[in-house]
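The structure appears right after this line, and notes come after that.
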Amino acid sequence: MARAVIVGGGVGGLAAAIRLRGLGHDVVVLERNEVLGGKLAVRERDGFVFDLGPSLVTLPHVYDDCFATVGASLHEEVELIRLDPQFAYHWPDGSTLVVPDDPAATEAAFEAFSPGAGSAWRDLADRGRTIWELSERTFFAGPMGSPIDMLRRMRSPMDLVRIDAGKTLAGRARTTFDDERLWQWAGRYATYSGSSPFAAPATLACIVHVESHVGAWYPIGGLGSLLAAFVRVAERAGVDLRTATEVVRIERTGDGAGQVRAVVLASGEELPADLVVVNADAEHLFADLLPDPKRLRRVRRAGRSTSGFVVLVGAEGTTPGLAHHNVWFGPDERVEFTTMHEDGRFAEHPTVYGCVSSVTDPSQAPDGCENWFLLVNAPAAPERTPAQYETVVFDELARHGIDLRSRARFVETVAPGDLQARYRAPGGAIYGTSSNGRRAAFLRPGNRGPVRGLYLVGGSSHPGGGLPLVTTSARIVADLVQEDGW
C-alpha cells in the first residue's frame, strides 16, 4: 500500500482519490479552499441556488464506473433526470431552435427550422458517432505522451481520416449546413472546451452524438448533488479529505530524475508521500510546486482555454417559453471569436449562455422566481475585464426581448480575475488548455509526471477539461499507478 497525496480537491482529484482507494492505497486529499469541488461550485443566496460551473451531466457511466471501484453506484447516490428539451437556441432575427431529447425528434426539429437541415444534422450526428467510438478506443483509452500513443491504438490508416482532425469545426459546419444560423449552432461545441470553432478540429463534432444519443442529464438538487456524492463516496471509502490546506511545494529525492517523497504545506508541515497526484493547473505545478522551466514553456505553448464572465440573477416572476438551457446568439460569430481569441478582448455583442435550473427543479429558487446563471465566453485576461460588463449581458438579452433588469432581486458577477484567484487558473482559464489547432491534444501535459510517483489529473492534462474528461483522467492515472508497480 502506497501513501498517496492528492493536491487539489476538484472532481479530478476526488475521482483519483476514490480510484486509488479502490486499489488499496492510503489516500489524503489536500484542498486550499474552504470547500471541495473546484470549479464544480455552488452559490446560495436568499433561497436561490446557482451552479457556478458545469450545469449538466453528460456520460453518467463515467462517474458510475469511478464509484464502482469502491462498491458504490452513481444512481444510488444521485437522482438523475434526462432533460427534454435539452437546449433552446435563439438568434437575433427572432428565430428559435428547440432541441429535444430524441434523435428522430431532433432531426425533425432541424428540418422544420431550415429545410434540408434535418438530414444534414443526421449526417453530422452519424459522423460524430464514428469519431466518438474511435476516440474511446484511442484518445480516451490511455495516456497520450505523443501522437505515437494514439497511432498505436488505431486499427487502420483510415482512422486518421475518420477522426476528422484535418478540418476545423467551423469548416465542417459550413460543408454540412446551408443555413448560416446552424454554423453558429455547431460552433457552440468548440466553446465546450474553451476554444474557437475557427481553430478547433472538427473532431469536436463527436459531442453532437454524445448529447443526442447519451443524453443531457440533470441531478435533482443541482450539480452540487453530484459533488456531494463524490465526497460521500470518497469518505466512505476511507479517503482523508482536508480543506483549507495549501500545498506550496513537492519534494523529491535527489537521485537522477528523482522520486516524490513529500509535499510541504503553507503551514510548514511536511507530509510524506510515495505518490502525488496533482489536480491543479499544470502551469502552477511547473512554475511553483515543482519548478521545471522546460515543461512550463511547453504548457504555455499549448495555449489557455477561454475564461468566462458570469452574471447571477435572482429574478422575480417566470419567463414564458424558457428552457433549462438556453443560448442567445450574438450577431456575428466570426467577429466574436476573433475579438476573444486573437485580440484578447471582450466581445461587444457576445453570445449569452443561460441556465435556469428552476425550470426543471423548483428547489433552486423561491416560489414564483427563477435562478438565472448567465455565462459569456471571455478571454483569459483578467486585467482586460471591462467595468460593469454585466450591462452588456443585460443589453444582449434585451435585444432578444428579455428584460431581466426590472425583475432582479439581486445581481452578482464572477469575472476571470475571480476564477484565477479562486482556482489558481492562469488568466481565469476555465478548461485548462484549449483545443485550438490540430496538435492541441498532444501539447497538453501527459498524466505521468517527470518524477517517479508524480501524476497529473484535471483539465490542463490529458484528455482535457469538462467533468467527464477530468473523471476519465483519474481512470488513466489509476491505470498508470498500477502499471508503474505501486
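Just name the residue that is modelled with the lowest pLDDT out of those in the range 323-349 that are assigned to a helix (DSSP H, G or I) and of a type in the set (D, E, K, R). The residue in question is 342.
Out of 458, 465, 446, 437, one residue alone is out of contact with any helix residue (DSSP H, G or I) (no Cβ under 9 Å at 6 or more places or on another chain) and assigned to a loop (DSSP other than H, G, I, E, B). It is 465. Against the test of being at positive phi, under 28 Å from the mean Cα position of the chain (by Cα) and open to solvent by 30 Å² or more (accessible area, probe 1.4 Å), the options 238, 222 yield a single qualifying residue, 238. If only residues of the range 127-150 that are surrounded by fewer than 17 Cβ atoms within 10 Å (Cβ to Cβ) and out of contact with any helix residue (DSSP H, G or I) (no Cβ under 8 Å at 6 or more places or on another chain) are counted, the one that is nearest to residue 460 (Cα to Cα) is 145.
Of everything in the range 197-221 that is assigned to a loop (DSSP other than H, G, I, E, B) and of a type outside the set (Gly, Ala, Ser), the residue that is farthest from residue 443 (Cα to Cα) is 220. The residue that is most open to solvent (accessible area, probe 1.4 Å), counting only those in the range 262-285 that are free of Cβ contacts under 8 Å to residues at least 24 places away in the same chain and not in a loop (DSSP other than H, G, I, E, B), is 270.
Of the conditions (1) out of contact with any helix residue (DSSP H, G or I) (no Cβ under 9 Å at 6 or more places or on another chain); (2) assigned to a helix (DSSP H, G or I); (3) closer than 18 Å to residue 440 by Cβ, residue 194 clears all except one; give me its number. The one condition residue 194 does not meet is (2).
Cβ-Cβ contacts under 7 Å between residues 6 or more apart (or on different chains), taken from a first residue in the range 436-448 that is over 10 Å from residue 201 (Cβ atoms) to a second residue that is among the small types (Gly, Ala, Ser) and modelled with pLDDT under 85, are listed as 442/146; 443/302; 444/302; 446/145. Candidates 439, 444, 424: the one that is modelled with pLDDT under 95, open to solvent by less than 30 Å² (accessible area, probe 1.4 Å), over 30 Å from residue 367 (Cβ atoms) and among the basic types (Lys, Arg) is 444.
The values are calculated or read from the model by the stated rules, or taken from the named source; none is laboratory data. Treat the numbers as computed from the prediction; the structure is a model and nothing was measured. We place every Cβ from the backbone using ideal geometry, glycine too, and count neighbours over all the protein chains shown. Just the protein is used for accessible areas: all its heavy atoms, side chains included, with ligands, DNA and RNA removed. Shrake-Rupley method; radii C 1.70, N 1.55, O 1.52, S 1.80 Å.
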